[in-house]
Amino acid sequence: MQIEHVYTFKGIPRNIVWETIQDKEVLQKALPGCKVFEEVEENKYHSVLGINIGPIKGEFTADVQQLDMEEPEAYRLLVKAKGKPGEIDADAAMQFEETAEGTVLTCIAEVQITGLLASIGQRVIGGVAKVVIGQFFKDVDKETKKAA
Amino acid sequence: MEEVNVTVTINGKKRSAKVEPRMLLTHFIRDSLSLTGTHIGCDTSQCGSCSVMVDGHVVKSCTLLAVQVDGSEIITVEGLGTVQNLHPMQKAFWEEHGLQCGYCTPGVMMAAIGLLQENLEPSDEEIREGLEGVICRCTGYQFIVSAVKHAAALMAEEKQVVGEGR
Amino acid sequence: MAGKVGARIKRKEDPRLLTGNGYFSDDIQLPGMLHAAILRSPHAHALIKSINIEKALEAPGVVAIYTGKDLEGKIGRIPSSWLIPGSNLKEAPQYPLAIDRVRYVGDGVVLVIAEDRYGVRDVLDLIEVDYEFLPVSVRQKEAMQENAPLVHDDIENNIAFHWKAGEVPDEEIEEAEVVVRESFNVQRVAPSPIETRAAIGQYNPGNGELTLWCTSQNPHIHRMVLSEVLDISEAKLRVIAPDIGGGFGGKIGVYPDEALIGYAARDLKQPVKWIEERNEHFSAANHGRDEIIDVELAGTRDGKLTAIRVKNTANMGAYLSTFGPGVPTIDFGLMITGAYDIPKAACETFGVYTNTTSTDAYRGAGKPESTYQIERMIDLFAREIGMDPVELRRKNFAKKEDFPFTNAQGLVYDSGDYEKPLNKALEILDYKKLREEQEALRNEGKLVGIGFSTYVELCGFGPSAVAGAIGFQGGVWENATIRVHPSGKVTVFSGTSPHGQGHNTTFSQVVSDKLGIPLEDIEFVFSDTKAVSMGWGTYGSRSVAVGGGAISIAADRIIEKAKKIAAHELETSVEDIEFEDGVFKISGVPGMERKFVDIAKSANYAWNLPEGVEPALEAQAFFDPENFVYPFGTHIVVAEVDKDTGQIELKRYIAVDDVGRVINPLTSEGQVHGGIAQGVGQAMWEGIVYSDQGQLLSGSFMDYTMPKARFFPTIETAFTETLSPVNQLGAKGIGETGTTASIAAVMNAVVDALQPYGVTDVEMPLTPEKIWNIIQTGGENDDTI
C-alpha cells in the first residue's frame, strides 16, 4: 500500500525543517505516544510507540532508520514496527522543497502490514496513517517555530 | 488482575459474580452465570448472536463490559419462555421455521423483540431493515421475516386477550 | 400415522434451541478444564528462525506451551482424504503446527494452554517469533509459472495435481459452426457458519479413552483420521459432535487444531477447550471455490451444442485439505455438460499450491462452479446465434425418455424431466409478458435483466465402489439402527450428522409412516461415535438419500420380524399378516390384530416367540446406494441495475426444484432459501481477498460482506417431483441445490440487464463500483476486476 502525504511548513526555511526533523528530542515529542526513543547507532533508533486510533490500538516496538541522507533535500526513512495487532513495515522517501510559501515536505511511503492490522484494519489503515503522519508533521512544525 | 463484584437481575433473579474488569457482558452471562443460550458469533459486533435485553433495550452483549451493567436488569433467551410456555416470538419462530442450526436464533429473536417494541406492525421491508444488526447464515432470512411478522400478530392477539380479561 | 412423509411439519428440534437449551461446543464446561489458544502466522510465507517463549512461560496461569518442534514425532501429519487417482497428486505434509516454515497467514505456530479464557490470549502476546520472509505465490495461474516462488520446495511449479477427464479433439472446436469462449473466475469465499470451530478434549488416564467434542459434520471420519494422527485405537477415541451452529462444508475438514486439542488433553490429563475466534476462522478454517475456469463451447448455428472443453485452475491453498482435491476434479469436471446432451466433453484441472488458506468443499462443492460455467456459456451461445436462451436450453436438454441418462463424462443421471420445472417456473414468471416489459423499460433507459439457471446437480454420496474408484479415502454408505423399546417407543441411530438441517424431524416422518407410530415416540441419536457404530456424516446432500435409505431398510427389517411374532401370536402364517398404520392384522378377518406396541412388548419380554426368532426388536441396516442422485430445476432471477449508482436490485427470485420426494415441504423450502442466499451472496457481495503479499484483507464480518436480511427479495419457491429409483424414498438431496443454481441465475440476469452496453460477462462479485464503471465506459470495462 502506498501512502503519500504532503505538508507545508509555512515560512520555515528548509534547513530549519531539516534540522528539527533530525533532532532526537523533537522526534521523541512528535512521534505518537512515544514512550521510549533511544539511538542505537548513528541514524538508527529503537522506540516504543502507543497508537490508539479507532480499531488500531496498542503498543508498537519500532526500529527506525534514516539513510541515504542528502542534506537538506532528501532522506530515506525505514520503520519496522511490531505490536499486538500486527506488524508495519514502511519504506518512506522524504523530500524537502523550498517554495515561496515555505518548505514543502513530501513523504511517499510503501507500507506493508500484516496480522490483524491487515485482515481487519485494511479499510481504515490509510486513514489512520494520514492522521498519525499529519499529527507528526504538525508537532514538528510547532518545534520548528520554536527553533526559528 | 483484581476482580470486581457485579450484581445483576437476570431473567428476574438476582445474581452476582466476581469478574475481571475487562470481562465482556457476553462472557459474564455465559461463563459466570452459566446461561449459555446467548451465543457468540464474531469478535467485531456484527453478527448479533449475543443480543440480550439490558434495562429494556436490545444490546449486543459483546459491546458492553460486565462492570458496566452492574445493577441492571437483563433478559436473555432463557427468560423469554419455556418449552411448555413459549414466548410468542419463540412460538412464531417454531411455526414459521425461522431457524435451522439455531445458533444465531436467540440473538435474532432478541433483536426482533426490540424491533416490535418500536413498531407493532412492521412490513416485510421494515423487518428486513430492522434485522440489520444480525447475521444468519442458514435461513436466507425469509422464514425469519415470516416469523417476526407472525410474532407481531401473536403478540397483538395476546395483548388483546390480556386487555379484555383483566 | 400414515401420511407424515410429504407433510408440512414443524421441527422437533426447535423447542430446545428456541429456549436456550441447545448444547453447543462452547457450552461444555468440565471440571478442571483448561483453555487453549493458537498463535498463528501473520506472514504468508516465512522461515521460523526462532521462537522465544521465556516471558510467556512466566505468565500467570500458563500450563503448557507447545511449538511445532516440540510435537515432532508425537502427532502425525494431517492427511487429505481425497487422493484423485491418475492425477500425479503430490500431497505435501501438513503438521499440526508449522515446524520450520509457515505457508499461509493463519498457519499454526505455537499452542498455548492456560487456566483461563482471557489469560490464554494474553500469553500469545508474550511469545516472540522471529521470521525470515520468503517470496510468496498467491494467485494460482501465477503460481504455476516457471520461477514462481515454491510453496513446497519439492513440488514443481506448485502443481498439486493435474487431472483430465474426457477428450475433445481440436477439430471439434475449430471446425464447429459456432464457438463461444469465456473465462470465469469463481472467487474464493468463506463458508463461515455463525458458530466458529471448536474442540474440547478430555482424557481418562484410567482406561486410556480420549473423548473429543468438535464441530464436525462427520464425526466418524474425524475418528478414523485422528485415531491415526494421534496414534490411538478407534475403540479408545470417542468423537462427539454436539449441537453444531452450521457447517456448509467448512466443518467437514479434519483440522490440525482438533488433533492439537486431543493431544494436549491426553498429554496434560486435563480437559482442554479451544474456541476459535471469528478472525481466526477467516484465516485458518478452509475456504471454498477459488477456481479460474476457461471454457470453449461449440455447436451449430441452429442451436445444437456439440462439444465443450473446460480448463479449471484451482487454488488449493498451502495444503490439500480433507476433501479439497475432489472439488475441482470429480465434483466439477464430471458435471460440466450440466443438464444438456452435449455429445463431447473434456475437462482438465490443475490443483495449485499457494501461500493461502486451504480450500475445501463449500456448499455445492464443485457443482455451483460447474453449473455457473455451463449456464453462463449457454446464455453466451444463445446470444451469439440470436436465439432465446430458454429455447436453446430446451433444444439441448437431456430428454425425459433418455433417462437414466448417461452424460458425456460417463455419469448416469438417475431420473429427470427437465422441462417440468422449467415450464412451471416460466408460468410463475409469465415470461413472454416480462420480455415485452423488459423491451419497453429498456426504451425508457431502465436496465432490467432476466437470468436462467436450469441446473442439474450430483449429490447423495454415494456408491462406495465409485468412491473408491475416484480416490475417496473411505466409504460413503450409511448406517441406521432402529431400537424398539418394550413401550413401543423407538430410538434410531444414524451415521449422518445434522447441523441445522432438521434430520430429527425428516427422519421421524419416515419412521412414523413406516412403523405407524407417532412422531413423539421416535428419538434419534446422531454424531457420537460411541453410540453410532459407523457412518460417514452429512455433506454432499446425502443424508436423506443415503441415511434415509438406510433408515427405511432398517424399518422394513423391524416390520419383517414383528410380522413373524404377530403371526405366531395370531396363530397364522406370516404370509397372511398385513401391516398397516401400526397394526398387524389377518387379511379379511376382523378383530384378529396386534398393535405395534403389543409386538414391541412381546418381542422384548420374549415369553412366547416363534421358533428361530431371537428376542428383542432391533434392526440395523447398511445402505450403499447403486448410484448418486441428481436433483434438478429451474431458477429465474429478474434484476434491475441502477444506471446512476451501479446498485443491483433483485426484483424477483423464482426457484422451482425437483428433488424427488419432498419429505417435509417446510424444511425443504428452508434449505432452498438458505442455499440460494449463499449463492446469491457469492454472485453479488462475498469474497475472500488476499493482497499480493498473501495478507488476508477480509478477516472479519466488517470486511467480508456477509449478506443481511435486507439484501434479499422474497424468494418464490415451488417443487416438482420426479422420483429417484436409487433409494426407497425416491428422494434426492436438497441442501445444495439453491447454491448450485443461484450463482448462474443472478449473473445471467445482470449480464442480460447490461446487454444494451454490449456487456457479455462480468466478474463476481457484482460490486456497484464494478457495475458503475462498466456503465460509465459503455461496456468497455467489461470483465475486469
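For B:30-39, what's the mean count of beta carbons from other chains sitting within 10 Å of each residue's beta carbon?
Per-residue shielding by partner chains comes out at 4.
What is the Cα centroid distance between the range C:580-605 and the range C:640-665, reported in whole angstrom? Spelled out, the Cα-based centre of one part sits 50 Å from the other. The fraction of all Cα pairs in the range C:383-479 landing in successive 10 Å bins from 0 to the largest distance is 12, 31, 26, 17, 10, 4, 0, given as whole percents.
Electrostatic bookkeeping for residue C:363 treats Lys and Arg as +1 and Asp and Glu as -1; over the other residues with beta carbon under 13 Å from its beta carbon, the sum is -2.
Between the range C:715-759 and the range C:445-504, what's the alpha-carbon centroid distance in Å? Distance between centres, Cα-based: 18 Å.
For chain A, what is the convex hull (Cα atoms) projected area averaged across all directions, in square nanometres?
7.9
Compare the Cα positions of C:211, C:471, C:515 along the charge dipole of chain C (+1 at Cβ of Lys, Arg; -1 at Cβ of Asp, Glu; about the Cα centre) and return the one farthest towards the positive end. Checked the options; the winner is C:515.
Using a probe of 1.4 Å on the protein chains alone, the accessible area found for residue C:131 is around 30 Å².
Counting Cβ atoms of other protein chains within 10 Å of each residue's Cβ and taking the mean over peptide C:501-509 gives 1.
Near residue C:586, once Lys and Arg are set to +1 and Asp and Glu to -1 for all other residues with Cβ below 15 Å from its Cβ, the sum equals -3. In the structure displayed, which of C:164/C:770; C:395/C:651; C:564/C:732; C:251/C:273; A:29/A:80; C:4/C:399 lie more than 23 Å apart, Cα to Cα? Result: C:164/C:770; C:395/C:651; C:564/C:732; C:4/C:399 exceed 23 Å. Heavy-atom accessible area buried between chains C and B is around 4700 Å² (1.4 Å probe, both sides summed). The order of the peptides B:133-139, B:45-51, C:687-693 by mean Cβ neighbours within 10 Å, most packed first, is B:133-139, B:45-51, C:687-693. For GluC sites (Glu not before Pro), the sites in the range C:616-697 that DSSP calls loop and that have at most 15 other Cβ atoms within 10 Å are C:626. Restricting to the range C:639-785, what percent of DSSP beta bridges are antiparallel, rounded to 5? Of the beta bridges lying entirely in the range C:639-785, close to 50 percent run antiparallel. In the range C:325-456, inverting the average of 1/r over every pair of distinct C-alpha atoms gives 16.8 Å as the Kirkwood radius.
Compared with the dominant Cα axis of chain A, that is its longest principal axis, helix A:116-147 is turned about 30°.
Amide H to amide H, with H built 1.01 Å from N, residue C:160 comes under 5 Å of C:351, C:352, C:353, counting only residues 5 or more places away or on other chains.
Counting only other chain Cβ atoms within 10 Å of each residue's Cβ, the peptide C:676-682 averages 2.
The Cα center of the range C:341-360 and the Cα center of the range A:94-148 differ in position by 46 Å. Placing +1 on the Cβ of each Lys and Arg and -1 on the Cβ of each Asp and Glu in the protein assembly as shown, which of C:114, A:137, C:193 has its Cα farthest towards the positive end of the resulting dipole? It is C:114. Over all projection directions, the Cα-based convex hull of the range B:4-76 averages an area of 4.1 nm².
For residue C:399, neighbours were defined as the other residues whose beta-carbon sits under 14 Å from its Cβ, and their charges (Lys and Arg +1, Asp and Glu -1) total +1. The long axis of helix B:142-165 is offset from the longest Cα principal axis of chain B by roughly 90 degrees.
The calculated P(r) of the range C:449-528, using every Cα pair and 10 Å bins from 0, goes 15, 34, 27, 17, 6, 1, 0 in percent.
Convex hull volume per residue, computed on the Cα atoms of the range C:477-623, equals 107 Å³. Here the protein assembly as shown yields Rg over Rh of 0.99, to two decimals, using C-alpha coordinates and the Kirkwood radius. Dimensions of the range B:88-165 from C-alpha coordinates, computed as largest minus smallest value along each principal axis and given longest first, are 41, 22, 17 Å. With the highest mean first, a sort of the peptides A:83-93, B:21-31, C:45-55 on other beta-carbon atoms found within 10 angstrom per residue produces B:21-31, A:83-93, C:45-55. On a per residue basis, the convex hull of the C-alpha atoms belonging to chain C measures out at 171 Å³. In a reduced charge model with +1 at each Lys and Arg Cβ and -1 at each Asp and Glu Cβ, the protein assembly as shown shows a dipole moment near 2540 debye about its Cα centre. Report summary: the helix-based calculation at 222 nm, which adds -39500 (n - 2.57) for every DSSP H run with n ≥ 4 and divides by the residues of chain C, gives -8000 deg cm²/dmol.
Each stretch of four or more DSSP H residues adds -39500 (n - 2.57); spread over every residue of chain B, this sum gives -10000 deg cm²/dmol at 222 nm. For the listed residue pairs A:130/C:55; C:90/C:367; B:149/C:400, the alpha carbons are over 32 angstrom apart in A:130/C:55; B:149/C:400. The order of the peptides C:78-90, C:501-513 by mean Cβ neighbours within 10 Å, most packed first, is C:501-513, C:78-90.
The values are calculated or read from the model by the stated rules, or taken from the named source; none is laboratory data. Being a predicted model, the structure only gives us computed values, none of them experimental. Heads up, the Cβs are rebuilt from the backbone with ideal geometry, glycines too, and the neighbour counts pull from every protein chain shown. For accessibility, only protein heavy atoms count, side chains too; no ligands or nucleic acids. Shrake-Rupley method; radii C 1.70, N 1.55, O 1.52, S 1.80 Å.
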